[in-house]
Amino acid sequence: MSSISAQGVVERASAELSKRINGLGLRSSKHHAAKGSVMERVTNVFCGGSNNSVVGAPEKPSRLLPSRGLSKNANTGVSIGGGTIVTPRRHRPLPTYLSWDQLMMDDKFLPNFFMYFNACERCVLAQVCTRWRDVLYRSPRYWSGLVPVLQCREMRSSQTNERARLYGSLLRRGFHSLSLMGASDEDAMDLVNTFPLASKHIHTLSLRCSSITDRGLETLLDHLQALYELELAGCNEITEAGLWACLNPRIVSLTLTDCINVADEAVGAVAQLLPALYEFSLQAYHVTDAALGYFSPKQSNSLNVLRLHSCWEITNHGVVNIVHSLPNLTILSLSGCSKITDDGVELIAENLQKLRSLDLSWCPRITDAALEYIACDLNQLEELTLDRCVHITDIGIGYISTMLSLSSLYLRWCSQIRDFGLQHLCGMRNLQILSLAGCPLLTSSGLSSLIQLRHMRELELTNCPGASRELFDYLREHLPRCLVIE
């Protein structure tokens, strides 16, 4: 997003408009195509591609208007008997033209004008004046995709009424998500007191790098009665006892990342207290196989997404617990679970038939045998991630190439893949996303064969020694619909 100050947007845009109108500030079409600053975007909306020389369509003939043969001041008449009733000509009202200043304050023009900008740029535009702010705050569609991030340390220096206005602006813009950075127990209590409507309007809460304790977390979750998504990242004062005390059965999505006190008992609390849990993401270095034993078949109908990131102590025994308790998983990530072997992958392939996405990145013990199990049994798999699986060879790629359902394949830094493996991939007609970043043995000749994948939408070739400027140009020429990432 441009760093231009709010009050300078209108002044600089007006100056640019004047230059263009006088013919002094014309730019090349190539420059217009490039993405510019917020000020340039404002100017381009008014002058960038407009054509003011278009002649309006002729008026449809009407019985109420004079014929072409009459003069401008002529009246029309209808003869009745011996007299004529004269009907004065009806003139169309002249259109009202707005000045630039009026146009940029017009309530009918501004809503369409703001649609030319993305949500981040509108954050700057909302600071230009109160009229622009009010129009932007009027509709949640302008803020779709954004999550408000509140820096609690900065907010402590503001007045209570200022914080209340901030929370009110979040409601006006239709935000239902909130992220708190560096929050303490006092910040949690202040939010409860200053933002009472959060109890009904906040559905998603993220606490990051916070010193909040079990007491503060319990205060927040008691207040947020509509909450169903919770993320705790870098909250080192939260304990397993706190999770047992405050986790609410309404929660359907839970993420626990880098919380040093979270271990096996925390997973037990999750399994026991959240019967409707749909998605669970856990990153904890000291979680063991025993934690996965807390899951039971009662979670099998609700839990569809399980992500275990860098859980270094989990072994194939933990995989046994997963496949027996959670047979309906559709997304499974074991990224960084470095003790998982081919035998664990065989268990997954035989028992988790509904999997659509599987992430085995950074699992160095995975070999071609694991890929054979995947290709034989996971017939609905659409996405497979094998980044840094350094023992995978062209033989394993040959197994994968038989999977007709696969649309996304990630092979970053798989150091043994050669051009022969790419020949197998060229037969995967449904493949749309492929990453070969950091594969050192691939050559330009092998990579050029990827033009056979006509349905490809994204191809990542960063840090590939065999990729040259000529190769990128060749790929873009023959795959015009594909995003080629250098």
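The values are calculated or read from the model by the stated rules, or taken from the named source; none is laboratory data. On a predicted model such as this, the values are computed, not experimentally measured, just so you know. Heads up, the Cβs are rebuilt from the backbone with ideal geometry, glycines too, and the neighbour counts pull from every protein chain shown.
Could you say which residue among ILE251, ILE238, ILE322 is out of contact with any Gly (no Cβ under 8 Å at 6 or more places or on another chain) and within 20 Å of CYS209 (Cβ to Cβ)?
Within the list ILE251, ILE238, ILE322, the selection yields ILE238.
Here is a check on your reading of the model: is ASP359 under 29 Å from the mean Cα position of the chain (by Cα), acidic (Asp, Glu) and farther than 24 Å from GLN272 by Cβ?
Here the answer is yes, as ASP359 does meet what is asked.
Per-residue answers, yes or no, for (1) out of contact with any Ser or Thr (no Cβ under 7 Å at 6 or more places or on another chain); (2) under 19 Å from ILE238 (Cβ atoms); (3) aromatic (Phe, Trp, Tyr):
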{"position": "ASP258", "(1), (2), (3)": "yes, yes, no"}
{"position": "ASN261", "(1), (2), (3)": "no, yes, no"}
{"position": "ALA266", "(1), (2), (3)": "yes, yes, no"}
{"position": "LEU274", "(1), (2), (3)": "yes, yes, no"}
{"position": "LEU282", "(1), (2), (3)": "yes, yes, no"}
{"position": "HIS286", "(1), (2), (3)": "yes, yes, no"}
{"position": "ASP289", "(1), (2), (3)": "no, no, no"}
{"position": "LEU292", "(1), (2), (3)": "yes, no, no"}
{"position": "PRO297", "(1), (2), (3)": "no, no, no"}
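Where the second residue is surrounded by fewer than 21 Cβ atoms within 10 Å (Cβ to Cβ) and among the hydroxyl-bearing types (Ser, Thr, Tyr) and the first is more than 13 Å from LEU326 (Cβ to Cβ) and lies in the range 265-277, which pairs have Cβ atoms under 8 Å and are six or more apart or on separate chains?
From the range 265-277, the pairs are GLY268/TYR294; GLN272/TYR294; PRO275/SER302; ALA276/SER302.
Restricting the range 185-204 to residues that are touching a Lys or Arg at 6+ places or on another chain (Cβ under 9 Å) and of a type outside the set (D, E, K, R), which is surrounded by the most Cβ atoms within 10 Å (Cβ to Cβ)?
At the first step, the residues of the range 185-204 found to be touching a Lys or Arg at 6+ places or on another chain (Cβ under 9 Å) are 185-188, 190-191, 194-195.
Narrowing the set further to residues that are of a type outside the set (D, E, K, R) leaves 188, 191, 194-195.
On the way: ALA188: 24, LEU191: 26, THR194: 18, PHE195: 21.
So the residue we want is LEU191.
Since ASP258 meets every condition but one in (1) farther than 25 Å from HIS317 by Cα; (2) within 30 Å of the chain's Cα centre (by Cα); (3) surrounded by fewer than 19 Cβ atoms within 10 Å (Cβ to Cβ), which condition does it not meet?
Every listed condition holds for ASP258 apart from (1).
Just need a number here: residues in the range 378-392 that are buried (at least 18 other Cβ atoms within 10 Å of the Cβ) and touching a helix residue (DSSP H, G or I) at 6+ places or on another chain (Cβ under 9 Å).
The total comes to 6.
Identify, from the list LEU422, LEU441, LEU447, the residue that is surrounded by fewer than 22 Cβ atoms within 10 Å (Cβ to Cβ) and over 26 Å from ASN328 (Cα atoms). Lay out the reasoning, then the answer.
Details: LEU422 fails: surrounded by fewer than 22 Cβ atoms within 10 Å (Cβ to Cβ); LEU447 fails: surrounded by fewer than 22 Cβ atoms within 10 Å (Cβ to Cβ).
Result: LEU441 is the single residue among LEU422, LEU441, LEU447 that is surrounded by fewer than 22 Cβ atoms within 10 Å (Cβ to Cβ) and over 26 Å from ASN328 (Cα atoms).
I'm checking my understanding of the structure. Among residues of the range 275-286 that are hydrophobic (A, V, I, L, M, F, W, C) and either surrounded by fewer than 17 Cβ atoms within 10 Å (Cβ to Cβ) or modelled with pLDDT of 95 or more (or both), which one is farthest from the chain's Cα centre (by Cα)?
Initially, the range 275-286 is screened for residues hydrophobic (A, V, I, L, M, F, W, C), giving 276-277, 280, 282, 284.
So of that shortlist, the ones also either surrounded by fewer than 17 Cβ atoms within 10 Å (Cβ to Cβ) or modelled with pLDDT of 95 or more (or both) come out as 276-277, 280, 282.
Numbers: ALA276: 25, LEU277: 22, PHE280: 19, LEU282: 21 Å.
This residue is ALA276.
So that you can scan it fast, the table gives a plain yes or no per residue for (1) under 16 Å from LEU166 (Cα atoms); (2) modelled with pLDDT of 90 or more; (3) buried (at least 18 other Cβ atoms within 10 Å of the Cβ); (4) in contact with a strand residue (DSSP E or B) (Cβ under 7 Å, 6 or more places away or on another chain):
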position	(1), (2), (3), (4)
CYS123	yes, yes, no, no
GLN127	yes, yes, no, no
TRP132	no, yes, yes, no
VAL135	no, yes, yes, no
SER144	no, no, no, no
PRO148	yes, yes, no, yes
CYS152	yes, yes, yes, yes
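Scan the range 325-346 for residues that are assigned to a helix (DSSP H, G or I), touching a Phe, Trp or Tyr at 6+ places or on another chain (Cβ under 9 Å) and surrounded by fewer than 22 Cβ atoms within 10 Å (Cβ to Cβ) and jot them down.
Of the range 325-346, the ones assigned to a helix (DSSP H, G or I) are 325, 342-346.
Checking the rest, the ones that are also touching a Phe, Trp or Tyr at 6+ places or on another chain (Cβ under 9 Å) come to 325, 342, 345-346.
Within the range 325-346, SER325, ASP342, GLU346 qualify.
Where residues in the range 224-255 are of a type in the set (Asp, Glu) and within 17 Å of LEU178 (Cβ to Cβ), which of them is surrounded by the most Cβ atoms within 10 Å (Cβ to Cβ)?
The initial filter retains those residues of the range 224-255 that are of a type in the set (Asp, Glu), namely 229, 231, 237, 240.
Next cut, within 17 Å of LEU178 (Cβ to Cβ) only: 229, 231.
Values: GLU229: 19, GLU231: 17.
Going through the qualifying residues, I end up with GLU229.
Confirm whether CYS209 is closer than 30 Å to ASN261 by Cβ, touching a residue at least 24 places away in the same chain (Cβ under 8 Å) and surrounded by fewer than 16 Cβ atoms within 10 Å (Cβ to Cβ). Don't jump to the end; show me each part of the working.
On the way: closer than 30 Å to ASN261 by Cβ: yes; touching a residue at least 24 places away in the same chain (Cβ under 8 Å): yes; surrounded by fewer than 16 Cβ atoms within 10 Å (Cβ to Cβ): yes.
Criteria met by CYS209.
Residues LEU232, LEU170, LEU136, LEU205: which one is under 28 Å from the mean Cα position of the chain (by Cα), under 30 Å from PHE117 (Cα atoms) and not in a helix (DSSP H, G or I)?
Details: LEU232 fails: under 30 Å from PHE117 (Cα atoms); LEU170 fails: not in a helix (DSSP H, G or I); LEU136 fails: not in a helix (DSSP H, G or I).
From the options LEU232, LEU170, LEU136, LEU205, the qualifying one is LEU205.
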